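Trainee: Mind having a look at this structure? Questions to follow.
The values are calculated or read from the model by the stated rules, or taken from the named source; none is laboratory data. Everything quoted here is computed from the prediction, not taken from an experiment. Cβ atoms come from the backbone with ideal geometry, glycine included; neighbour counts cover every protein chain shown. Heavy atoms of the whole protein, side chains included, go into the accessibility calculation; ligands, DNA and RNA do not. Shrake-Rupley method; radii C 1.70, N 1.55, O 1.52, S 1.80 Å.
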Amino acid sequence: FTRELHEGLQTFEEACGSDAFNRTVIVFTKCEGNRQIDLVEVQSWVQRAKKYVLIDARDDPASARRDVEEAVEELVQDPSPKWSNEVIEEATEFRQAMANNIAKLPATFQPPLLRLLGDLSRGRCTRKELQEAGEKQAAQARKEEEARKEEE
C-alpha cells in the first residue's frame, strides 16, 4: 500500500464525499496468487468500501474478470440510494470558494495556501486542514494590516 494509493483514495473521498464509498468496489490487482492482503495498512479504506476484491489478472484472467464482475453486479443490485453529482459539485464549489478567498489575501500570504489547495486536489490534505490554514493566514493578514495602520 503506497503513499500514492492513499493520496488517490483521499482525493476520491474529497472529490466525491465519503458516502461515495458505499457505492465503491476497491480492486487490488497483481496479488500473484496471494488471495490475502495485509489489511492493517488499508483497513480504514477497505472498511468504507462496499466491497473489495483481490485479483491476479496475469495468472488467472478469467477468474479475475469474473470476481470483478460479480462485485460490480452486487453493487448494482444494492437497493441503497443512488449516488449523485451533488457531492462533486459541492467539492468544486468549495475549491473555487477557497481559491477566491486566497486571492483576496495579500500576495505574501497566498503561496502556502495555493500549495495546500493543490494538495487537496491530490489527496495530501483535507478540507478541514485547508480551511484551518486559510483562517490562520487571514487572521495573520488582518493583524499585520492593523499594525501597519497603527504605524501610519
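Trainee: Relative to the present Cα-Cα distance, how much length would full extension add between residue 47 and residue 65 at 0.36 nm per residue of separation? Mind dumping the intermediate values first?
Mentor: Values: separation 18, 0.36 × 18 = 6.48 nm, distance 2.26 nm.
Computed gain between residue 47 and residue 65 is 4.2 nm.
Trainee: So, one more: How much accessible area per residue does segment 85-147 have, in Å², with a 1.4 Å probe?
Mentor: Numbers: 4100 Å² over 63 residues.
Per-residue accessible area for segment 85-147 comes out at 65 Å².
Trainee: Using a basic spin-label model with each label point 7 Å from the Cα along Cα→Cβ, how many nm lie between residue 114 and residue 136?
Mentor: Between residue 114 and residue 136, the simple spin-label model gives 2.0 nm.
Trainee: Hey, quick one: spin label on residue 126, modelled 7 Å out along Cα-Cβ, who in segment 45-64 has an amide N within reach, i.e. under 19 Å?
Mentor: Under 19 Å, as judged by backbone N against the label point of residue 126, lie 45-49 of segment 45-64.
Trainee: With respect to the cross-link table entries 104/128; 50/136; 104/149, which display a Cα-Cα separation exceeding 28 Å?
Mentor: From 104/128; 50/136; 104/149, over 28 Å: 50/136.
Trainee: Also, I was wondering about something else. Fully extended, how many nm does the chain gain between residue 6 and residue 103 (0.36 nm per residue separation, minus their Cα-Cα distance)? Intermediate results must be reported in sequence, preceding the final value.
Mentor: Details: separation 97, 0.36 × 97 = 34.92 nm, distance 2.95 nm.
Full-extension gain reported as 32.0 nm.
Trainee: Report, to the nearest 10°, how far helix 61-77 tilts away from the longest principal axis of the Cα atoms in the chain, using its own Cα long axis and a range of 0 to 90°.
Mentor: Helix 61-77 sits at roughly 60 degrees to that axis.
Trainee: Additional query: In debye, nearest 20, what is the charge dipole magnitude of the chain about its Cα centre with +1 on Lys and Arg Cβ and -1 on Asp and Glu Cβ, if you could check?
Mentor: Here the chain has a charge dipole of around 140 debye.
Trainee: Name the residue from 99, 112, 134 whose Cα lies farthest towards the positive end of the charge dipole of the chain, charges +1 on Cβ of Lys and Arg and -1 on Cβ of Asp and Glu.
Mentor: The one lying farthest along the dipole's positive direction is 112.
Trainee: Can you send over the solvent-accessible area of residue 18, 1.4 Å probe, protein chains only, in Å² to the nearest 10?
Mentor: Accessible area, nearest 10 Å²: 70 Å².
Trainee: Compute the helix-to-body angle for 127-151: its Cα long axis versus the longest principal axis of the chain, expressed 0 to 90° and rounded to tens.
Mentor: Compared with the principal axis, the helix lies near 10 degrees.
Trainee: Further, regarding this structure: What's the long-distance tail for segment 105-152, i.e. % of Cα pairs beyond 16 Å? All intermediate terms of the calculation are to be shown ahead of the outcome.
Mentor: Details: 486 of 1128 pairs.
The answer is 43 percent, as a whole percent.
Trainee: Hey, what's the Cα Rg ratio for segment 64-115 versus the globular rule of thumb, 2.2 N^0.38 Å?
Mentor: On the way: Rg = 20.0 Å, N = 52, 2.2 N^0.38 = 9.9 Å.
The reported ratio for this selection is 2.03.
Trainee: Right, something else. Using per-residue counts of other Cβ atoms within 10 Å, averaged over each peptide, order 123-130, 70-77, 91-98 from highest down.
Mentor: Top of the packing list down: 123-130, 91-98, 70-77.
Trainee: Would you mind calculating the relative contact order of the chain from Cα pairs under 8 angstrom and at least 6 residues apart, reporting the percent as a whole number? Intermediate results must be reported in sequence, preceding the final value.
Mentor: Values: 137 pairs, mean separation 42.0, N = 152.
Normalised by residue count, the contact order of the chain is 28 percent.
Trainee: Enter the angle in degrees (range 0 to 90, nearest 10) between the Cα long axis of helix 39-48 and the first principal axis of the Cα atoms of the chain, meaning the one along which they spread out most.
Mentor: Between helix and principal axis, roughly 80 degrees.
Trainee: Still on this model: At a 1.4 Å probe radius, carbon and sulfur cover how many percent of the accessible area of the chain? Write down the numbers at each step before the final one.
Mentor: Working: 5160 of 10240 Å².
Reported share for carbon and sulfur atoms: 50 percent.
Trainee: Oh, and also: From the convex hull of the Cα coordinates of the chain, what is the mean projected area in square nanometres? Intermediate results must be reported in sequence, preceding the final value.
Mentor: Working: hull surface 45.6 nm².
With every direction weighted equally, the projected area is 11.4 nm².
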